[in-house]
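Reading through the C-alpha cells given below for one structure.
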Amino acid sequence: MFALRNIVNKQLLGISILGGAVYAYDSHSEAQLITRNLRTFTNGILIALDYKINFKPGPTLEDSMRIESLHERVANRIFDSFEKNGGLYIKMGQVIGTQAAVLPVAFQVRARKLFDSAPAVPFSTVERVFKEDFDGKHPSEIFEEFDLQPIASASIAQVHKARLKTGEVVAVKVQKPAIQKQMNSDLRALRILLQLYEYVFELPLSWSCEYIEKHMRMEADFLIEARNAKKANDHLQSEPALRKKVYIPKVYNEFSSKRVLVCEWVDAVRLTDTDKLEENKIDYKEAMKVSIETFASQIFNSGFVHGDPHPGNVLVRKHPKNNKKVQVVLIDHGLYIQESEKFRLEYCKLWEALFTLDIPVITEICKEWGIHDANMFASITLQRPFSGKKAVHLQDFDVKDMYELQSHMKERIKNFLQDQALFPRELIFISRNMNIVRANNKATGSPVNRINIMAKWAVHGLSSTYKGQWLSWRSVLFECTLFMMSFSFWLLKVRDQINRFLFGSEVRGLEDILDEKMKEQMYANFGIKIDTSLFDG
C-alpha cells in the first residue's frame with residue numbers, strides 16, 4: 001500500500017513539474033496559447049458560478065445594491081481578462097461594448113475603458129515579418145527610409161512611417177506575428193464560452209458567433225483590407241455628392257501582403273479634435289456633415305459599410321485643390337460589412353416608415369427579422385425614443401418596481417428577439433457604425449442633425465432603386481416630418497445660445513438630450529439602466 005502511494009505521489013509530482021515547465025515556457029512564448037486559454041476558461045467558469053449562485057433579486061434596497069455589486073464584479077473580471085489576453089480579445093470586447101445597452105450599467109462603464117492599445121513589438125520582429133512575407137527581403141530593400149519606432153500600436157498591428165525608394169511617404173501597417181497563431185484558439189474559446197453561457201442562463205448568445213468570427217478573421221487579413229479600400233473608394237467615386245468631399249488613401253499593393261499593408265501617408269486632423277481643426281481654419285461642422293453623409297451613403301446606398309468609424313479612422317484636411325473646402329479622409333478598412341440587397345432595401349424602408357409613422361410596415365419588417373417589440377427596436381435604430389402613437393411618458397420607479405423589472409429581464413430580452421435565425425447579422429456591425437457616428441457628432445456638440453441626414457439617404461437608397469416610384473403622398477409626409485425636425489433642431493440651437501448668453505448656462509447638444517430620453521425609455525420599458533456615456537462610442 002505504501003509502495004503504491006509512493007508511486008502515485010511521484011507521478012503527481014512529475015505531472016506537476018511537467019505542467020509547471022510547460023506553463024512557464026508558454027508564458028514566455030510569443031502566442032501564450034495555454035496561458036490565455038487557461039485565463040479565459042478559469043474566469044469564464046467563475047463568472048458563470050458567481051451569477052448562478054448570487055443572482056437573486058429582492059424587493060429591498062440592499063438586494064438591489066447587492067445585484068449591482070455582482071454586475072460590477074463580473075464586468076471587471078470579464079474586461080480585465082480581455083485586456084490581459086490582448087489581441088483578438090480586445091476586438092471581442094469592443095463588439096460586446098457596442099451591444100452594452102442591454103447589459104447592466106457596470107458593463108457599460110467598464111466597456112468604455114477597454115482601449116485598443118498595446119505595447120509595440122520590437123523592430124527585430126518587424127524585420128522577421130517582412131522576411132517571411134517578402135521572400136527574405138529586409139525593410140531597407142523596399143523603403144528608402146523606415147522609422148524604427150511606430151507612430152501607433154494597437155491590439156492587432158502597429159504603424160510605422162516610411163518613404164519608398166520612389167520618394168512617396170507612406171504608412172506601413174505591420175501585423176503582430178502572434179495574432180495568426182492565436183486566432184483559431186481565441187475564437188474557439190469564445191464559441192465554447194458562449195455555448196456554455198447559453199446553456200446555463202437559457203439566453204440566446206451564440207447565434208451571432210459565426211458571423212462575428214468570420215469578420216474578425218477578415219480583419220486580420222491585410223489583403224482583404226486593401227480590397228475593401230478599393231471597393232469603398234469605387235463607391236464614393238460613383239456618388240456625385242461625395243466624390244470630391246471624401247478621400248481614401250492609395251494602397252500600394254506591390255508592397256503589401258496578408259500581414260503588411262502600405263498606404264499613402266496623409267497629414268490630417270482627427271474628426272473630433274475641434275480645437276486643432278479651428279486652429280487650421282477647417283470647418284468642423286461641415287466635416288461632421290460630410291462624414292455622416294458618407295456612412296449613411298454606405299449603409300443605405302452601396303451596402304458596403306465601414307465597421308469602425310471612430311475619430312482615429314475619420315480624419316479631416318483642407319481640400320488639396322481648394323483650401324476653402326474640407327475633405328474627409330477615411331482610413332483603416334479592415335472591418336467592412338457587405339449587406340445583402342434584401343436587407344439594404346428593408347432597412348431603407350424601415351427608416352422611411354419611421355418618419356411617416358407607417359406602423360404596419362415597421363411591424364412587418366420587425367416580424368421578418370424575428371423581432372417582437374417593434375417600438376423598442378425603432379428606438380434602438382433611431383437612437384432616440386420612438387412611439388407609434390405619442391411620446392413616451394415616464395413614471396417614477398421605486399425599488400420594488402426595479403425588483404420586478406430585474407426578475408423578468410431575461411424573459412423580456414428573450415421575447416425581444418423571438419427568432420435568432422431571422423435576425424439580420426448585418427445589424428450587429430451596422431449598429432456599431434451608427435453608435436460611433438452618433439458619438440462623433442455628440443463629441444463636437446451635435447453641430448449636425450444626424451437623424452435627418454440618415455433619413456434622407458435612406459429615401460435616396462429607395463428612390464435610386466425604384467427610380468421615382470417613391471414620389472407620392474408619402475414623400476410629402478416624409479418631407480414635412482424632416483422640416484419639422486429641422487425646425488426643432490434650429491429652435492434648440494437658438495434656445496441654447498440665448499440661455500448661454502443671458503444666464504451662462506451650459507449648452508446641451510441634441511445628442512445629449514436624446515441620450516437622456518433613451519435612458520428613460522430603456523429603464524421604463526426594459527428595466528435596463530443606461531450610463532449615457534455609453535453613447536460616446
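The values are calculated or read from the model by the stated rules, or taken from the named source; none is laboratory data. In this text, all values refer to a predicted model and were calculated from it rather than measured experimentally. Cβ sites come from the backbone with ideal geometry, for glycine too, and all protein chains shown count toward neighbours. SASA here: full protein model, heavy atoms, side chains in, ligands and nucleic acids out. Shrake-Rupley method; radii C 1.70, N 1.55, O 1.52, S 1.80 Å.
Before moving on, here are some points about what is shown:
- You can think of it this way: the chain between THR42 and ASP80 has 12.4 nm of extra reach, that is 0.36 nm per residue less the Cα-Cα gap.
- A viscosity of 1.002 mPa s and a temperature of 20 °C, combined with the Kirkwood radius over Cα pairs in Stokes-Einstein, give a translational diffusion coefficient for segment 181-258 of 138 µm²/s.
- Rounded FRET efficiency, nearest 0.05, which uses the C-beta distance separating GLU279 from LYS161 and R0 of 22 Å: 0.45
- When peptides 282-289, 182-189 are ranked by their average number of other Cβ atoms within 10 Å per residue, the highest-first order is 282-289, 182-189.
- With all pairs of separate Cα atoms included, segment 189-315 yields a Kirkwood hydrodynamic radius of 17.3 Å.
- Across segment 290-349, the convex hull enclosing all Cα atoms gives 90 Å³ per residue.
- The value for segment 37-161 of Rg(Cα) / (2.2 N^0.38 Å) is 1.51.
- Ordered from largest to smallest accessible area (heavy atoms of protein chains, 1.4 Å probe), the residues ARG191, ARG425 come out as ARG191, ARG425.
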